[in-house]
Amino acid sequence: MKVKEFKTESKKLMDLMINSIYTNKEVFLREIISNASDALDKLHYESLTNSEIKIDTSSFNIRIDVDKDKRTLTISDNGIGMSKEELENNLGTIAKSGSLDFKENNKKKKDIDIIGQFGVGFYSAFMVSSKVKVVSKKYGSDEAYSWMSEGVKGYSIEKDERENYGTDVILTIKEDTDDEKYSKFLEDYEIQGLIKKYSNYITYPIKMEVTHQHLKEKVNPDDKDEYETVTHDEVINDLIPIWKRNQKDIKDEEYDTFYSDKFFDYEKPIRHIHTKAEGTLEFRSLIYIPSHMPYDYYTKEYEKGLQLYSNGVLIMEKCPDLVPDYLSFIKGVVDSSDLPLNISRETIQQNRILATISKNIETKVLKELEDMQKNAREDYIKFYNAFGMQLKYGVYNDYGMNKDKLKDLLMFHSSKDKQFVTLKEYTERMEKEQKNIYYACGETVDKVDLIPQVEAVKNKGYEVLYCTDYVDEFAIKMLNKYADKEFKNVCTDSLELDSEEEIEKLKKKNEKSKDMFNIMKEAIPEIKDIRFTNKLSNHPVCLSSAGEISVEMEKALNSMPIDNKISAEKVLEINEKHKIAKKLNELYKEDKKTLKKYAKVLYAQARLIEGLSIENPTEISNLMTEIMSK
Ligand code: ADP
């Protein structure tokens, strides 16, 4: 018998499985049963789309057999089976190598359900088995083969016998240790319990031979009680998929279990939406909103989509057309008997039925989110922290096509209490005379809070929205207005906080100082304008932007791989009440050379406050020391 080595990745994974860091070993059964169910799905699908295959689907089943003496647990199915090559390819390697890196990095984090997150399925058998044998005959073939492995050492493939098509997975259960009583996986009631717990929704019957003790019928009423042992096959699972059941009969726990089984996420979802549509178009859907971001959400591996069934038969694992991009985080299943089975990728895109279902799901999810925001703010904040970014992208993308649907779901931190506030809440508690919705951008809430211009607006008694995601301002610009109020970045040069009189006074002062500013500008030509401001109370300077592009947007845009760097039109504003204003006036009269040096330093300070870097730090450092040494 030739023993082949596993591919390195598989070997590592197998090693981790055998010396499992993972305490919840019992899930192995779920994984094997789920593979059996997939194999039946595949054959079912073939039979429906290929008229040459004629199978009585009522014979489809999964069998569990226990042999306590041999310590074997066998899971059999009459599904599609595997050819020799498929045994080799499917069981000798793992496709998802990414999972391994993650697993190794997280060895210590016990509570992260790696198996669940990555579905390394089949290999989990090695958590409880000293030997795994898979005997399989591919549908339509006359030859059966078996695959066998005792762990990391390797595996072998041999010609074997099997009467019919299908697969047997034969696990030789490990001997008990002090820590782990593996023998329990050979007990009927334990296995039944696991099937109920993890695989109840499987749509094929999971059969098991069950032994009962029966009271023997008495010939004479006075006879002693006598028992007899009766064995018979029993279907353990409930069969009907959860989404086809009546909502009122389903416990929350069942919804959660189904979610974790199906979507490999062991943190409970934050909401589920179970609906049944009847009428011209009949379909059922069970949609989940996860409570946290999947580890691969922002990688190209992540695919949005819902599982698509045609009357109970899986026809697509992830149908992207059912989900708009900004809801790419939702998981779930859709089942419609109105869908053709042999739907292909192209026809799916044009399918009117799918478009209708998709619309329906979108509406339901948005309504659920709205409801959560209103009635369960804590949950909503948890959700928003995980996926709020998607909603903001949703506002901004597609030229703002979806902004009206999404604007009320947005939240921003507020200067009032640093808590999240919706735009509706903000505008409803705005001061009467307040013209605009003010917002400020920065890396963190605390950093934004320190921006000089924020102070100015706060001093007016107005609330400021704190934007800490770079997409925030793009979304806000796309919205343009909310409840007829315009959005204003506190760092723009026209804040509209002042009265006519104040504006006039400041204008005069600036006009008087025009010549001085022109001299200063010679030292800092990249700046569009310099002026005095009355909005700062303690800070000497701040940087504002004049055009459509704010300094924050400049930062965000330039962090992307684009050729032409973008620059905000910057305005250096100097606090007219600050001592520095007087000093500048003096220098203007007495020492124009030093005035220019001051201009450079002040501009550098303003840039630093804004979180921008200084182009020539050495020059600034030298200038500062020179000024300090005077
Ligand atoms: P996954 O199920 O996530 O693809 P697994 O490691 O559990 O990963 O299984 C690997 C592959 O082996 C499956 O994708 C399938 O092609 C094949 N396989 C496993 N069990 C069976 C089975 N009972 N019948 C047919 N094919 C199977």
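The values are calculated or read from the model by the stated rules, or taken from the named source; none is laboratory data. Keep in mind the model is a prediction, meaning the values are calculated, not measured. As a convention, Cβ positions derive from the backbone with ideal geometry for all residues, glycine included, and neighbour counts pool all protein chains shown. These accessible areas exclude ligands, DNA and RNA; they are computed on the full protein's heavy atoms, side chains included. Shrake-Rupley method; radii C 1.70, N 1.55, O 1.52, S 1.80 Å.
Some observations on this one:
- Around the Cα centre of the chain, unit charges on the Cβ atoms of Lys, Arg, Asp and Glu (plus for the first two, minus for the last two) sum to a dipole of about 3000 debye.
- Convex hull (Cα only) mean projected area of region 311-412, reported in nm² to one decimal: 7.3
- Potential extension, GLU548-ILE566 segment - 0.36 nm per residue separation minus Cα distance: 5.3 nm
- Most to least packed among 6-14, 583-591 [average Cβ atoms within 10 Å]: 6-14, 583-591
- Summarising the label geometry, the points placed 7 Å from Cα in the beta-carbon direction at HIS214 and LYS435 lie 9.1 nm from one another.
- For ARG352, net neighbour charge (Lys/Arg +1, Asp/Glu -1) across residues whose Cβ lies under 13 Å away: -1
- Sites THR356 and ASN164 - FRET efficiency at Förster radius 30 Å, r taken between beta-carbons, to 0.05: 0.10
- Over 18 Å between alpha carbons, listed pairs LYS268/LYS405; LYS276/LYS318; LYS514/LYS583; LYS7/LYS153; LYS4/LYS153: LYS268/LYS405; LYS276/LYS318
- The chain: calculated mean residue ellipticity at 222 nm from DSSP helix runs of at least 4, using -39500 (n - 2.57): -11500 deg cm²/dmol
- Its Cα gyration tensor gives the chain an equivalent ellipsoid; the semi-axes, largest first and in whole Å, are 67, 28, 22.
- Three-way shape call for region 192-291 based on the alpha-carbon gyration tensor, with the a/c threshold at 1.5: prolate
- Computed over every Cα-Cα pair of region 565-623 and binned at 10 Å starting from 0, the pair-distance distribution P(r) comes out as 20, 48, 29, 4 percent.
- Unmatched cysteines, the chain - criterion: no other Cβ of a Cys under 4.7 angstrom: CYS319, CYS491, CYS542
- Here region 353-484 is treated with +1 on each Lys and Arg Cβ and -1 on each Asp and Glu Cβ, and its dipole about the Cα centre works out to around 260 debye.
- Gyration tensor analysis over the Cα atoms of region 398-520 returns equivalent ellipsoid semi-axes of 29, 16, 15 Å (largest first, whole Å).
- Listed peptides 363-373, 36-46 by packing density, highest first (mean Cβ within 10 Å): 36-46, 363-373
- Beta bridges assigned by DSSP with both partners in the chain are antiparallel in approximately 80 percent of cases.
- When the alpha carbon gyration tensor of region 480-592 is reduced to an equivalent ellipsoid, the three semi-axes, largest first, read 27, 21, 11 Å.
- Solvent-accessible ranking of SER328, SER130, largest area first, probe 1.4 Å: SER130, SER328
- Most tightly packed first, judged by the mean number of other beta-carbon atoms within 10 Å of their residues, the peptides 429-442, 244-257 read 429-442, 244-257.
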